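The values are calculated or read from the model by the stated rules, or taken from the named source; none is laboratory data. Owing to the predicted nature of the structure, the values given are computational and were not obtained by experimental measurement. Positions of Cβ are generated from backbone atoms using ideal geometry, with glycine treated the same way; all protein chains shown enter the neighbour counts. Just the protein is used for accessible areas: all its heavy atoms, side chains included, with ligands, DNA and RNA removed. Shrake-Rupley method; radii C 1.70, N 1.55, O 1.52, S 1.80 Å.
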Amino acid sequence: MNYIVFDLEWNQSDTGKEPAAKELPFEIIDIGAVKLNSDRVMTDEFNQLIKPSVYHHMHKVTGKLIHLHMRDLKKGRPFAEVAEEFLSFCGTDYIFCTWGPLDLFELQRNMHYYKMPPLGDGPVRFLDVQKLFSIAYEDRKSRRSLEHAIDFLEIEKKVPFHRAYSDAYYTACILSCLKEEILENYSIDTYVLPKTRQDEIHVMFHDYMKYVSREFPDKMKAFEDREVISTKCYLCHRNIRKKIRWFSPNGKNYYSIALCPVHGYMKSKIRVRKSESDKVYVVKTSKFISEEDCQDIIQKRTQARQRQKENKGKNVKN
């Protein structure tokens, strides 16, 4: 299997000069990639500019960051042509690798805009090297800049940052430094979602479980689904009783705690996300925690209830 480490640069509407296209808020203008073999040794590269067809003015921030001008892009080729060539470069047996989760999503959105076939029938597995760097060298939660990681690993800076090929090259250098077991922590891109309950994603990692649902018309319908709100022990596969029912401290993420008589307290977290078709889907993670961590969640719930009470009081007064 090969590793396709790629990076994208994109342009967007420059307010006042041209309107934003709802179907394509970010238009890809540069694709750079490095191919690594199964030993993570560089074997090939890809570097192409794209002639824009949606936004004909360079956003001022984008232009300053990547040092590209519209006159440079006029020398490029149409997106569909470059994308076809890029996918041919990838081959057949590979996994995508990116710095952060955005590039793969935007690649698929641009492909959809130009009516190209999707990368697959459902969510795409990939390696988020930014996340892997945090798992390998930091606290698993922080997300550092590419240049920070390069400095940390004392990798020689051969080319300037903030162009697609150079950022792909540096990301590949970092990927080559990671231990094999770190690569087990792959990510799941959800531009294309599971179509049916049978297609939904259930993945067990080293110390947590991840579930990606199909689409639902709205959040209410999602929370009516038994699989979405279930708290099943992912180690012994039994349904376990909730000690703390689902609650949201911020209106965005939802938490619960269940107790397995064999494995202890299990925290589950639900994130409700909007799909490209203006529906919703759910990403749920479950992880076993200590009794101390359990108390932190209880405190979050208490604080959330207090805020709700205070807001109710304010509304009554008004």
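Within the range 85-100, is there a residue that is without any contact (Cβ under 8 Å) to a residue 60 or more places away in the chain, exposed (fewer than 14 other Cβ atoms within 10 Å of the Cβ) and not in a helix (DSSP H, G or I)? Yes, the range 85-100 contains at least one residue that is without any contact (Cβ under 8 Å) to a residue 60 or more places away in the chain, exposed (fewer than 14 other Cβ atoms within 10 Å of the Cβ) and not in a helix (DSSP H, G or I).
Here is the figure for the range 204-234: residues that are over 16 Å from V272 (Cβ atoms), loosely packed, with under 14 Cβ neighbours inside 10 Å and out of contact with any Leu (no Cβ under 9 Å at 6 or more places or on another chain) total 4. Every test in (1) open to solvent by 40 Å² or more (accessible area, probe 1.4 Å); (2) part of a helix (DSSP H, G or I); (3) over 30 Å from M204 (Cβ atoms); (4) in contact (Cβ under 8 Å) with a residue 24 or more places away in the chain is passed by K75 save one, and that test is (2).
Being part of a helix (DSSP H, G or I) and surrounded by 20 or more Cβ atoms within 10 Å (Cβ to Cβ) holds for only one residue in L65, L107, and it is L107.
Go through the range 157-176 and report how many residues are surrounded by fewer than 18 Cβ atoms within 10 Å (Cβ to Cβ) and at pLDDT 95 or above. Result for the range 157-176: 1. Only one entry in K158, K221, K195 is out of contact with any Ser or Thr (no Cβ under 9 Å at 6 or more places or on another chain), more than 20 Å from K131 (Cα to Cα) and part of a loop (DSSP other than H, G, I, E, B), namely K195. In the range 44-62 there is at least one residue that is assigned to a strand (DSSP E or B) and among the polar types (S, T, N, Q).
Just to be sure before I move on: is Y113 farther than 30 Å from A149 by Cβ, open to solvent by 30 Å² or more (accessible area, probe 1.4 Å) and at pLDDT 95 or above in the structure I sent?
Yes: the conditions hold for Y113.
The residue that is nearest to A164 (Cα to Cα), among those in the range 116-130 that are open to solvent by 70 Å² or more (accessible area, probe 1.4 Å) and among the charged types (D, E, K, R), is R125.
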